[in-house]
Amino acid sequence: MDRIARNIGRGVVAGFVGTVAMTVSSTLEAKLRDRGGSSAPGDAARTVLGIEKFNSDAAEQRFSQLVHWGYGTGWGVARGLLRALGLGRGAASVTHFALVYGGEQVMLPALDVTPPATQWGATEIAIDAWHHLVYVGATAAAFEWLTRRGEAG
């Protein structure tokens, strides 16, 4: 049980690091392509929670940011649990990617937040997959670094 708790804690920190990396990646891509940021995580949470509207655009932006950071940080827990279950680094990374990206591909269209990926076009699919690979890669690297550091201490 102690190992599971340690892995969950490491996963939270690693998920935050992964969210930082994905935020940097998507922000740079948005600036290069001259597009606004994605509101998909906030839109999905708003739909699930039954929030019809916010008092201001600023309140909606704060909500979207909280959802983005909470969602990414929370998915780090999955990384920790995968490792606690005994999956190796590579298998945990592939499974983590499948869970995070697959979850997005199912949930966002189901909530009418985005159209299905079959309607996106190859470029948009590749860009979205890239951002999720950045997230999973950074989360994995942070998790493994924290694990090695904990074992050395």
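Readers should treat all values here as calculations from the given coordinates under stated rules, not as data from a laboratory. Since the model is a prediction, treat every value here as computed from it, not as a measurement. Because the Cβ atoms are built from the backbone with ideal geometry, glycine has one as well, and the counts that use them run over all protein chains shown.
One residue stands out in the stretch 98-140 among those that are within 18 Å of residue 80 (Cα to Cα) and free of Cβ contacts under 8 Å to residues at least 12 places away in the same chain: the one that is surrounded by the fewest Cβ atoms within 10 Å (Cβ to Cβ), namely 98. Please verify whether residue 63 is crowded, with 16+ Cβ neighbours inside 10 Å and over 18 Å from residue 132 (Cα atoms), treating the condition exactly as stated. Judged against the criteria, residue 63 is a match. Of the residues 43, 128, the single one that is among the acidic types (Asp, Glu), within 14 Å of the chain's Cα centre (by Cα) and more than 25 Å from residue 5 (Cα to Cα) is 128. Do we find a residue being surrounded by fewer than 19 Cβ atoms within 10 Å (Cβ to Cβ), without any contact (Cβ under 8 Å) to a residue 24 or more places away in the chain and under 18 Å from residue 148 (Cβ atoms) anywhere in the stretch 75-87? There is at least one residue in the stretch 75-87 that is surrounded by fewer than 19 Cβ atoms within 10 Å (Cβ to Cβ), without any contact (Cβ under 8 Å) to a residue 24 or more places away in the chain and under 18 Å from residue 148 (Cβ atoms). Of all the numbered requirements in (1) of a type in the set (Gly, Ala, Ser); (2) within 26 Å of residue 81 (Cα to Cα); (3) touching a residue at least 60 places away in the same chain (Cβ under 8 Å); (4) in contact with a His (Cβ under 9 Å, 6 or more places away or on another chain), residue 42 misses one, and that requirement is (3).
Restricting the stretch 141-153 to residues that are over 17 Å from residue 90 (Cβ atoms) and touching a residue at least 24 places away in the same chain (Cβ under 8 Å) leaves a set whose member that is nearest to the chain's Cα centre (by Cα) is 146.
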